[in-house]
Amino acid sequence: MQRNQVTVRAIIAITIDGKIADVRGTWRPLCKFELARYNEMLEWADTVIVGARTVAHSNLSFLPKRLKKGFTRIVLDGRLSLKPGYKVFNVENADTVLFTSSNYASIESVAGFEKLGVRVIVLREYPIKASSILSWILRELRASNILIVGGGRTIWTFLSENALHELRVTITPFILGSGQQLLAVDGLSFPGKNLRLEQIGLCACGQEVVLTYRIPPLL
Ligand SMILES: NC(=O)c1ccc[n+]([C@@H]2O[C@H](COP(=O)([O-])OP(=O)(O)OC[C@H]3O[C@@H](n4cnc5c(N)ncnc54)[C@H](OP(=O)(O)O)[C@@H]3O)[C@@H](O)[C@H]2O)c1
């Protein structure tokens, strides 16, 4: 992994009971300071990566307020289940690149996105590897600050391959009970992946805690 060239950060907010969305998949920041932190992160990034389910549930554009030249959004949709109508596929102000798998994506559905000006990268693998995405980014974009805005499956794609340098988790003062877990993926054997706590921040609202973890590189 080209660790010296790029920084890959992921941000996510969870409830006290570790949920990133309710059972219907709904989540939005309720604290204005968390929203400001999210926007700050978008300003920091030159490339944003987002998973298909986050696109479907939020229908956000994932654009910062001040747009940098070359700012690019990357959507991961292995089975190409999204339709082209989502805001992230409006390429008027910034490019969007869609990563999908030839195991599932039909020529017709790929063409539907390409017609909008979305660049579609069809890989012969499923699931798509973080290393494939990062190699493509390093080859095709002048990216140095890559931000993963969720959801859990997409973060796991990078975390599991040790392709994530920083994970920032905001603990919000809510409990959802059943809902979507941060990482609804096959678990690891104990003790799992060990992250290094770098910073603990208390939100200006006095109710949220922002934890920043570094991920130690592979030996
Ligand atoms: N609390 C927060 O801060 C926060 C932030 C963002 C999102 N959310 C919530 O989180 C939920 C979505 O999270 P999620 O974990 O379910 O989904 P996600 O990561 O947003 O998207 C998962 C989808 O992206 C595709 N994908 C991701 N990694 C892939 C890979 N390696 N290879 C191929 N395809 C890949 C998959 O498509 P295929 O199924 O086709 O393989 C998968 O279904 C939503 O409910 C959203 O509201 C919460």
Checklist line | Computed over the stretch 7-214: relative contact order in percent, which uses C-alpha pairs under 8 Å that are six or more apart | finding: 32
Note to self: Restricting to DSSP H runs of at least four residues, report the calculated mean residue ellipticity at 222 nm for the chain, -39500 (n - 2.57) per run over all residues, nearest 500 deg cm²/dmol.
What the structure shows: -6000 deg cm²/dmol
Notebook entry, point to check: Which of the aspartates and glutamates could a cross-linker span from Lys68 if the Cα-Cα distance has to be under 17 Å and same-chain partners fewer than 8 positions apart are dropped?
Noted result: Glu40, Glu43, Asp46, Glu92, Asp95, Glu140
Next item on the list: Taking a cut-off of 26 Å between Cα atoms, list the lysines near Lys193, but don't count ones fewer than 8 places away on the same chain.
Entry: Lys19, Lys129
Next item on the list: May I ask for the Kirkwood hydrodynamic radius of the stretch 70-110, worked out over all distinct Cα pairs and given in angstroms to one decimal?
Entry: 10.9
Margin query: If packing is taken as the average count of other Cβ atoms within 10 Å, what order do 188-199, 167-178, 103-114 fall into, highest mean first?
Written below: 167-178, 103-114, 188-199
Check: Hey, which of these cross-link pairs are over 19 Å Cα-Cα: Lys65/Lys87; Lys32/Lys83; Lys83/Lys115; Lys32/Lys65?
Finding: Lys32/Lys83
Note to self: Using DSSP to call loops (not H, G, I, E or B), can you name the trypsin sites (Lys or Arg not before Pro) in the stretch 11-82 whose Cβ has at most 10 other Cβ atoms within 10 angstrom?
What the structure shows: Arg24, Lys65, Arg66, Lys69
Check: How big is the antiparallel share of DSSP beta bridges in the chain, given as a percent to the nearest 5?
Finding: 35
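The numbers here are math on the coordinates, done by the rules we state, and not lab data. Here the structure is a predicted model, which is why all the values come from computation and not from measurement. Backbone-built Cβ (ideal geometry, glycine too); neighbour counts: all protein chains shown.
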